[in-house]
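Written below as structure tokens is the structure these notes are about.
The values are calculated or read from the model by the stated rules, or taken from the named source; none is laboratory data. This is a predicted model, so every value here is computed, not measured. So basically every Cβ, Gly included, is an ideal-geometry build from the backbone, and we count neighbours across all protein chains shown. The protein model used for the area step is the full one, side chains on, heavy atoms only, and it has no ligands, DNA or RNA in it. Shrake-Rupley method; radii C 1.70, N 1.55, O 1.52, S 1.80 Å.
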Amino acid sequence: MAINWFKYSAPTTFYPLAGRLIPWFAISSAILFAVGLYIGFVVAPADATQGEFYRIIFIHVPSSIISMFLYLIMAGYAALGLIFNTRLSSMMASAIAPTGALFAFISLWTGALWGKPMWGAWWVWDARLTSELILLFLYLGFIALHASIDDPRRADRAAALLAIIGSVNVPIIYFSVKWWNTLHQGSTIKYSGTSMHIAMQQAMFTMLAACWLYAVAVALARVRSIILEREKNTKWITELAEVK
Amino acid sequence: MGLDIWMRENPLTYIWVGSYAVAFIIFAVEIAMVIHKRKITLQQVRLMREASEEE
């Protein structure tokens, strides 16, 4: 059976679909958070060198990965909106930005809390930390630029350019630990294998999935409000059951 | 100095209060903001619809 993917690129068809998907993503996320925290704090053993402090990894690494991944998705949607002039793509980019900013903030915050007992400092101007801070500023810049222009379509185009140019920062964050001699440790999980205990890996990947599902649920909920706001003068909005 | 000693004596409390509790509070605030935004947007749309019907 062929699926017509373009069908859901219109706000009229995407709005009800997003509404149906949100509970599934939200409930799955809550379950995975509970499972991930249980494995991370009950099943996984203490680290040989870092003791209990390493357990910050189960929120720090997933939030860092999600903050970078969301930026690429946001830039992708922004580029689609810019190239094809599709309304929904730009709306999705606007909906993703606040969640991405929050994940970047959580990544920096939990990193500082991990850095203090391990390095003796909350913050160092290390390449990985600094590039992640720039990512947070890029998200905030995207949100501020979009909010500063009254016409939504012009705001979409201006913010899209910022998102596309800023996406160059994502590979810099990822490869910073390879390109420069950083205090931040390199990747523990590589293509060649890992020295991580299996329970630690399970907890980290479960929390990663939970954070991802949470981000999707929140972005979908936010884009529904953006669709309502931008399409409020259209007939299909006035005919919605929740509006009547 | 006091914090350094406390965090080494209570690592799990430090981790939970400092990172996990903060992260989950941030998630809760974000969810509340999204729900609030939907509520006020729906109100606006309803008001607009009512106004256009009265005309």
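Listed values, structure above:
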| read-out | value |
| --- | --- |
| Global geometry of segment A:1-49, whether rounded, prolate or oblate, following the gyration tensor of its Cα atoms and the 1.5 cut on a/c | prolate |
| Cα-based shape type of segment A:100-244, given that a ≥ b ≥ c are square roots of the gyration tensor eigenvalues and the cut on a/c is 1.5 | prolate |
| Largest-first ordering by accessible area, 1.4 Å probe, given options B:Thr41, A:Thr194 | A:Thr194, B:Thr41 |
| Accessible surface, segment A:1-80, averaged per residue in Å² (probe 1.4 Å) | 51 Å² |
| Hits among lysines - C-alpha to C-alpha of A:Lys7 under 29 Å, sequence gap 8 or more where chains match | A:Lys232, A:Lys235, A:Lys244, B:Lys37, B:Lys39 |
| Helix runs (DSSP H) in chain A reaching 27 Å along axis by Cα, Kyte-Doolittle at least 1.0 | A:11-38, A:57-84, A:127-148, A:198-230 |
| Mean projected area (nm²) of the alpha-carbon convex hull when segment A:1-114 is viewed from all directions | 9.7 nm² |
| Cα centroid separation - segment A:205-244 against chain B, whole Å | 17 Å |
| Accessible area buried between chains A and B, both sides summed, probe 1.4 Å, in Å² to nearest 100 | 3200 Å² |
| Calculated diffusion of chain B, Stokes-Einstein form, Kirkwood radius summed over Cα pairs, 10 °C and 1.306 mPa s, µm²/s | 108 µm²/s |
| Whether segment A:157-230 is rounded, prolate or oblate, judged on the alpha carbon gyration tensor where a/c under 1.5 counts as rounded | oblate |
| Per-residue SASA entry for A:Trp119, accessible area with 1.4 Å probe, Å² rounded to 10 | 90 Å² |
| Most to least accessible of B:His36, A:His146 (protein chains only, probe 1.4 Å) | B:His36, A:His146 |
| Inter-site label distance for A:Ile27 and A:Leu72 at 7 Å from Cα along Cβ, in nm | 3.1 nm |
| Whole-number D in µm² s⁻¹ for the protein assembly as shown, Kirkwood Cα-pair radius fed into Stokes-Einstein, 4 °C, 1.567 mPa s | 62 µm²/s |
| Degrees separating the helix B:21-54 axis from the principal Cα axis of chain B, which is the longest one | 10 degrees |
